[in-house]
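Report on one structure; see the data block that follows.
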Amino acid sequence: MKIILLSGFLGSGKTTALSGAAISLMKQGKRVGVITNDQGKYQVDSHFIDAQGIPVVEVSNGCFCCNYETLDKQIISLDKNQKPDYIFAESVGSCTDLIATVLKPLQAYRDDLFELITLSTFTDSRLMYQHLMGRTLPFSQEVNYIIHKQMEEADMLVVNKIDLLTEEQLKYIKENITNTFPHKRIIYQNSLDITNLDTWIQTADATPPTQQRQSLEVDYDTYGAGEALLGWLDDELEITGINAGAATQQLITQIKDLINKEAYAIGHLKFMASDGFITSKQSFTSLENKHQQGDIEQSKSQCVSLIINARIETTPKNINSIIQQAIKITEEKLACNIKTKHHAAFVPGYPKPTHRII
């Protein structure tokens, strides 16, 4: 069994990459399992992966490093029930220091279970371009600290979403990245391209099993402060009415527009809508990226379920206020009813790893 750990900031495209890679491996006859991770309980990514027929389990209510025992149990569960050739374990996007708190503990305590464990850190190519150009990233200094530390500890640095760059921007990255990240294996990837995904997995497979990793030096106060600046909101809504599909799309658009109006930095803003037949996933970041599968607006159903995961640099109270305002506007415009079935809004707690092996 091989374990591929994925790190990288919110919105860097980890879920799109691992789901595409998992499907490719399954078509090759390989058995695959996925472990998703989030500070919250209601995860869009888990629903999205499960809807594609990929075996998936969760580590919720905290990052891998602070919920190590749950991660360990889920690895054992997948090994017992699926006998996977590969496990993709996607860490929450606000987490860093995975070598010391996850990878090395797994090597120390579960080395008998796997033949190889690697760490791929994903970064949005546009953020990488801004970083190499010396420009300020669209987050606070403490949040940027997390992003930089994630890139620093990578086995393999995956510069993702290169299809959203110009040729000149990509050339600039390739010419300058090794000066900032020497001795890194670097992959340039469009995670919607299966050839790119196959190259990523093949490169991960080529990692020496005995590779020695250097644990990060991490200022946990700055790290914790960065996480505390991010507001988390998870909602599950039920939208009913003659135009439930159109109302759902209107609500999604309204939420995004209100967040942009306030100029809040978006880590990720994810929506998973389903009427039982049509499933639509939409994702947004501060860089205006959007991925969509399906078209819920065309739904003829009078009832749509919508899960919202918002990770935004503002207070949970402000995010919730925007959601409620968007609900009110949508109900008035399209004569629908929007009911909140589950709600959680919070700030991540101070990171307290179960293990930390230097």
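The values are calculated or read from the model by the stated rules, or taken from the named source; none is laboratory data. For clarity, every value in this text was computed on a predicted model and none was experimentally measured. Please note: Cβ atoms are built from the backbone with ideal geometry, for glycine as well, and neighbour counts cover all protein chains shown.
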Across the range 3-51, what is the number of residues that are surrounded by fewer than 19 Cβ atoms within 10 Å (Cβ to Cβ) and either of a type in the set (Phe, Trp, Tyr) or out of contact with any strand residue (DSSP E or B) (no Cβ under 8 Å at 6 or more places or on another chain) (or both)? 5
If you go through 105, 182, the only one that is at pLDDT below 95 and out of contact with any Asp or Glu (no Cβ under 6 Å at 6 or more places or on another chain) is 182
So residue 237, is it in contact with a strand residue (DSSP E or B) (Cβ under 7 Å, 6 or more places away or on another chain) and either under 17 Å from residue 119 (Cβ atoms) or loosely packed, with under 14 Cβ neighbours inside 10 Å (or both): no
Can you find, within the range 322-344, the residue that is farthest from residue 144 (Cα to Cα) among those that are of a type in the set (Gly, Ala, Ser) and at pLDDT 95 or above? 326
Residues in the range 1-45 that are within 12 Å of the chain's Cα centre (by Cα), closer than 25 Å to residue 115 by Cα and of a type in the set (Gly, Ala, Ser) total 4
Can you confirm whether the range 295-311 contains a residue that is within 23 Å of the chain's Cα centre (by Cα) and free of Cβ contacts under 8 Å to residues at least 40 places away in the same chain? yes
I'd like to check which strands (runs of 3 or more DSSP E) are fully inside the range 272-358 and have at least 2 residues that are among the basic types (Lys, Arg). 337-346
Within the range 313-332, take every residue that is crowded, with 19+ Cβ neighbours inside 10 Å and among the aliphatic types (A, V, I, L, M) and give me the one that is nearest to residue 94 (Cα to Cα). 319
Suppose the filter is at pLDDT 95 or above and either aliphatic (A, V, I, L, M) or assigned by TED's automatic domain parsing to the domain that holds residue 9 (or both); does residue 319 pass it? yes
If you check 273, 335, which single one turns out to be surrounded by 23 or more Cβ atoms within 10 Å (Cβ to Cβ) and out of contact with any Asp or Glu (no Cβ under 8 Å at 6 or more places or on another chain)? 273
What are the residues in the range 253-271 that are without any contact (Cβ under 8 Å) to a residue 40 or more places away in the chain and part of a helix (DSSP H, G or I), if any? 253, 256, 257, 260, 261
So, in the range 338-353, how many residues would count as being crowded, with 17+ Cβ neighbours inside 10 Å and within 30 Å of residue 109 (Cα to Cα)? 3
Does residue 264 qualify as being touching a strand residue (DSSP E or B) at 6+ places or on another chain (Cβ under 6 Å) and either under 25 Å from residue 121 (Cβ atoms) or at pLDDT 95 or above (or both)? yes
In the range 233-279, anything among the aromatic types (Phe, Trp, Tyr) and out of contact with any Leu (no Cβ under 8 Å at 6 or more places or on another chain) is listed as 264, 277
By residue number, the members of the range 298-333 that are polar (S, T, N, Q) and touching a His at 6+ places or on another chain (Cβ under 9 Å) are 309, 320
Condition first: among the aromatic types (Phe, Trp, Tyr), surrounded by fewer than 22 Cβ atoms within 10 Å (Cβ to Cβ) and either assigned to a loop (DSSP other than H, G, I, E, B) or free of Cβ contacts under 8 Å to residues at least 60 places away in the same chain (or both). Can you find one or more residues in the range 175-196 that meet it? yes
Restricting to the range 135-174, give me the number of residues that are within 24 Å of residue 230 (Cα to Cα) and assigned to a helix (DSSP H, G or I). 12
Counting only residues that are more than 20 Å from residue 155 (Cβ to Cβ) and either among the aliphatic types (A, V, I, L, M) or in the same structural domain as residue 237 (by TED's automatic domain parsing) (or both), give me the helices (runs of 4 or more DSSP H) lying completely in the range 1-87 with at least 3 of them. 44-51
